[in-house]
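Peer 1: Below: one structure in structure tokens.
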Amino acid sequence: MRLVLHRDSPVAITGLGCVSAAGHGLPASMAALFAGTRRPAPPTRLRSDLPTRFPVFEIADFEQPVDELRTSALGLLAAREALTDAGLDRDALASLRVGVCIGTTVGAVMGEENFCRMCLAGLDPDLAPVRRTLRNNPADVIALAFGLNGPRQTIVNACASGTDALGVAGSWIRAGLCDAVVAGGADGLDRVAYIGFASLMIADDEPCKPFDANRKGLNLGEGAAMLVLESDPTCRRRGKRARSRLLGYGSAADAYHPTAPHPDGAGLRRAIGEALAAAGVRSSDLAFVNAHGTGTPDNDRVEGRVLADVFPGVPYLSTKGLTGHMLGAAGAIEAVFTAACLELGRVPASAGFETPDPEIPNVPTREAQPVSGSVALSQSLAFGGNNAVVVIGNP
């Protein structure tokens, strides 16, 4: 019998996992966040004929399997940690309907430049790279690795992808389609993305400075983050207590510009309103907000003004100064950090911030500090005017 929950019912989060330049695994990542450890540097894996050498947050000590592309390999690593944290081994997973919903932007499609060059030159290259790409859909790789037999979906919605994946996964649980879902995001550092952001002139040649008056742009990062979502009946049958809960999700588009956010943050305001309404909480109930905070002039100005208007007095921060901008994985790792900080009752400093911007009426956290409350919000602002928001609460 399929149990269908109310569309706004909270969904249990029973497992968390992540990997980034901040650390391998959640404990190492949280330690780096509160230590303020950040070491962006010029990329080492990309071809040397780059038009610029702006710093990135690269995972230097990760051995990529030969038959897996980097995005899928990183996603698999984070999924393994999240499932272990949830207490779900292969035997337990086999008895459940488990879905997979993964957000990405680089995915598996940008890693075969040589093959594309040969095609453009009129040559007839071997199709092995194509077959490898087709085998490396992140959702498929995770589902096959753990024998997951529920629905699977890869979401590509620019930098909102990871947050959107959580919202979709939560709807699967509420609709009774799944007992559990592995949801999150993954993206490996890629030369095409690197050159693309350089050409847009929104990459900082120094460590990024989210919300700072002297910010110049972002630093790219890479990694993955996964959450295990479960229905309450599944948790009860397993005797598993939720670490936290996905309370609400909202998504709205600016319909304004291909890359710039709406000057008034119109879509972000709607997405926040949807998420708060779904969660049944008010803006004043929030302990903190994990902002998108890329370090780009337009994004931070718009986002900061919306935060000051909608959440006056609520602490906010950006963790991209410690992980870099992980593109499709950004919203997922920020949701993981949001859940972990709620458990801890503390948030770290917003790394890179020093000088207040007179165009932003508030400032992010300057130092690690305790927070009060059991509800927090994580938000993503993406190219195309896509805005996605999740509300997370303690159980």
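Peer 1: Is it the case that segment 80-97 has a residue that's of a type in the set (A, V, I, L, M), under 29 Å from SER199 (Cβ atoms), at pLDDT 95 or above and under 23 Å from the mean Cα position of the chain (by Cα)?
Peer 2: Checked against the condition, which is being of a type in the set (A, V, I, L, M), under 29 Å from SER199 (Cβ atoms), at pLDDT 95 or above and under 23 Å from the mean Cα position of the chain (by Cα), segment 80-97 yields no hits at all.
Peer 1: Every residue in segment 331-368 that is of a type in the set (Ser, Thr, Tyr) and either surrounded by 14 or more Cβ atoms within 10 Å (Cβ to Cβ) or closer than 14 Å to LEU33 by Cβ (or both), please.
Peer 2: THR338, SER350, THR365
Peer 1: A further question on this structure: Does PRO263 meet the test of being in a loop (DSSP other than H, G, I, E, B), of a type outside the set (Phe, Trp, Tyr), modelled with pLDDT of 95 or more and surrounded by fewer than 24 Cβ atoms within 10 Å (Cβ to Cβ)?
Peer 2: no
Peer 1: What's the number of the only condition in (1) assigned to a helix (DSSP H, G or I); (2) in contact with a Ser or Thr (Cβ under 6 Å, 6 or more places away or on another chain); (3) not aromatic (Phe, Trp, Tyr) that ALA186 fails to meet?
Peer 2: That leaves (1) as the condition not met.
Peer 1: Of all residues in segment 98-136 being crowded, with 23+ Cβ neighbours inside 10 Å and at pLDDT 85 or above, which is farthest from ALA332 (Cα to Cα)?
Peer 2: VAL98
Peer 1: So ALA242 clears everything in (1) of a type in the set (Gly, Ala, Ser); (2) in a loop (DSSP other than H, G, I, E, B); (3) modelled with pLDDT under 95 except one condition, right? Which one?
Peer 2: The single condition ALA242 does not satisfy is (3).
Peer 1: Right, next: Please go through segment 189-209 and pick out each residue that is assigned to a loop (DSSP other than H, G, I, E, B), of a type outside the set (Asp, Glu), touching a residue at least 40 places away in the same chain (Cβ under 8 Å) and more than 20 Å from GLY162 (Cα to Cα).
Peer 2: LEU200, ILE202, PRO207, CYS208, LYS209
Peer 1: Continuing with this model, one more query. Can you find, within segment 276-329, the residue that is nearest to GLY250 (Cα to Cα) among those that are in a strand (DSSP E or B) and among the aliphatic types (A, V, I, L, M)?
Peer 2: VAL289
Peer 1: Quick one: ASN149 ticks every box in (1) assigned to a loop (DSSP other than H, G, I, E, B); (2) crowded, with 17+ Cβ neighbours inside 10 Å; (3) modelled with pLDDT under 95 except a single one, so which number is it?
Peer 2: (2)
Peer 1: Return the only residue of SER378, SER372 being small (Gly, Ala, Ser) and in a strand (DSSP E or B).
Peer 2: SER378
Peer 1: Any chance segment 26-42 includes a residue that's crowded, with 21+ Cβ neighbours inside 10 Å, in contact with a Ser or Thr (Cβ under 6 Å, 6 or more places away or on another chain) and either basic (Lys, Arg) or in contact (Cβ under 8 Å) with a residue 60 or more places away in the chain (or both)?
Peer 2: Looking through segment 26-42, none of the residues is crowded, with 21+ Cβ neighbours inside 10 Å, in contact with a Ser or Thr (Cβ under 6 Å, 6 or more places away or on another chain) and either basic (Lys, Arg) or in contact (Cβ under 8 Å) with a residue 60 or more places away in the chain (or both).
Peer 1: Residue pairs, Cβ under 8 Å, 6 or more apart or interchain, first in segment 237-258 and closer than 27 Å to ALA86 by Cα, second of a type in the set (Lys, Arg) and surrounded by fewer than 20 Cβ atoms within 10 Å (Cβ to Cβ). List them.
Peer 2: Note: pairs meeting the criteria are GLY250/ARG270.
The values are calculated or read from the model by the stated rules, or taken from the named source; none is laboratory data. All values derive from a computational prediction rather than experimental measurement. Ideal geometry is used to build each Cβ from the backbone, glycine not excepted, and the neighbour counts take in all protein chains shown.
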